[in-house]
Amino acid sequence: MKDLEPATEHLAIANGDATFMANHWSLLHADFYKNSGGDAKLWRRGVYSDGAVQGYLIDRKTAEQYNITNIAQLKDPAIAKLFDTDGDGRADLTGCNPGWGCELAIEKHLTAYQLRDTVTHKQGSYAALMADTIARFRQDKPVLYYTWTPYWVSAVLRPGADVVWLQVPSSSSQGDGADTRLPNGKNYGFQANQEQIVANRAFVEKNPAAGRLFEVMKLPIGDINAQNLRMSQGANTQQDLERHTDGWIKAHRPLFDGWIEEARAAAR
C-alpha cells in the first residue's frame with residue numbers, strides 16, 4: 001500500500017511505480033488522468049462505486065433555526081457569523097486539501113457566489129480539521145464543512161439527521177458550463193461522480209484476469225462509509241484492512257465468487 005495524493009497516484013500508476021488505485025473520481029480527477037498519460041498509459045473500465053456526491057453541509061439545528069438552505073445565504077454577514085470559529089466575523093468552511101482537485105471547485109464557488117468577503121476556506125489536514133468540526137458539533141455549536149461520499153464523515157455526521165446539504169444558486173461556477181443538478185433535482189455545486197479502479201495499462205494487458213476483476217467489482221457507498229469509519233477510529237493497519245476485507249467477502253460470498261469466476265474466465 002502507498003499513501004499518495006491523487007495527482008501523484010495517477011502518475012505513479014502510469015509510470016509503473018504502482019499498479020492500481022480504487023478511488024479515481026471519473027469527473028473530479030479527469031485532468032489527473034489525462035495529464036498522467038491518459039488511455040495510453042492508464043486503464044479504467046466499469047464502475048467501482050456509483051453515485052459519489054460532494055458538497056457543503058451545515059448542522060441541522062442551525063439550518064432549521066435560520067432557514068438556511070443555500071450556500072449563497074452566507075453572503076449575509078449575520079448568517080456567515082454563525083459559523084465563525086476564530087472570532088474574525090467570517091464563516092469558517094472546513095474545506096479541501098490542496099492537490100485533491102476539490103479545492104479548485106470550492107475556490108471557484110467562493111468567487112461565483114460572492115462569498116469572498118464573508119467565508120474563509122480553511123485548508124490543511126482535512127482529517128484534523130474535520131476532527132475539530134465534529135468536536136464543535138458535539139458541543140452543540142454551528143458547523144460548516146465540505147465533504148464527499150463515500151467517506152466516513154457521513155457515518156458520523158449523518159445527512160438528514162445531524163446535518164443537511166446546502167444547495168447552490170447555479171451551476172455556472174464549474175467554469176466548463178457543466179450542469180451540476182443531480183437526478184433528484186438538488187444542486188450541490190458538484191456533478192455526481194462514479195468512482196473507478198484505475199490501473200497501469202501494461203499490467204492489465206499482461207493480466208486480463210485482474211482487468212476483468214477491476215471491471216466487475218462494485219461496492220455500495222454505505223459499505224465503504226462504514227469501513228472508512230473503522231479506519232478513522234484507529235483500525236487502519238494492513239492487518240485491520242485485510243480483516244475488514246475478509247469479513248465483507250464472507251458476508252457476500254456468492255457475489256464475490258461470481259467476480260472471481262468472471263476474472264478466471266477472462267484469463268482462459
Would you mind finding the one in Asp31, Asp17, Asp50 that is of a type in the set (D, E, K, R) and modelled with pLDDT of 95 or more? Asp17
Restricting the search to segment 112-165, which residues are among the small types (Gly, Ala, Ser) and either within 14 Å of Gly55 (Cα to Cα) or surrounded by fewer than 18 Cβ atoms within 10 Å (Cβ to Cβ) (or both)? Gly124, Ser125, Ala127, Ala128, Ala131, Ala135, Ser154, Gly160, Ala161
Where residues in segment 179-197 are free of Cβ contacts under 8 Å to residues at least 24 places away in the same chain and assigned to a loop (DSSP other than H, G, I, E, B), which of them is nearest to the chain's Cα centre (by Cα)? Thr180
Report, ordered by the first and then the second residue, all pairs with beta carbons closer than 7 Å, sequence separation of six or more or different chains, a first member in segment 223-244 that is surrounded by 15 or more Cβ atoms within 10 Å (Cβ to Cβ), and a second member that is basic (Lys, Arg). His244/Arg230
Given Ile224, Ile249, which one is within 30 Å of Glu205 (Cβ to Cβ), at pLDDT below 95, out of contact with any His (no Cβ under 9 Å at 6 or more places or on another chain) and not in a loop (DSSP other than H, G, I, E, B)? Ile224
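Residue-by-condition table, conditions (1) under 21 Å from Asp88 (Cβ atoms); (2) assigned by TED's automatic domain parsing to the domain that holds Leu82; (3) without any contact (Cβ under 8 Å) to a residue 60 or more places away in the chain; (4) under 15 Å from the mean Cα position of the chain (by Cα):
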| position | (1), (2), (3), (4) |
| --- | --- |
| Gly99 | no, yes, no, yes |
| His109 | yes, yes, no, no |
| Thr118 | yes, yes, yes, no |
| Pro142 | yes, yes, no, no |
| Tyr146 | yes, yes, no, yes |
| Trp152 | no, yes, no, yes |
| Pro159 | no, yes, no, yes |
Tell me whether segment 84-99 contains one or more residues that are under 30 Å from Val204 (Cβ atoms) and either modelled with pLDDT under 95 or surrounded by fewer than 21 Cβ atoms within 10 Å (Cβ to Cβ) (or both). yes
Criterion (closer than 27 Å to Lys108 by Cβ, touching a residue at least 40 places away in the same chain (Cβ under 8 Å) and surrounded by fewer than 18 Cβ atoms within 10 Å (Cβ to Cβ)) met by exactly one of Ala22, Ala40, Ala7: Ala7
If Ile13 meets every condition in (1) touching a Lys or Arg at 6+ places or on another chain (Cβ under 6 Å); (2) surrounded by 21 or more Cβ atoms within 10 Å (Cβ to Cβ) apart from one, which number is that one? (1)
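The values are calculated or read from the model by the stated rules, or taken from the named source; none is laboratory data. Quick caveat: nothing in here was measured; it's all calculated off a predicted structure. Ideal geometry is used to build each Cβ from the backbone, glycine not excepted, and the neighbour counts take in all protein chains shown.
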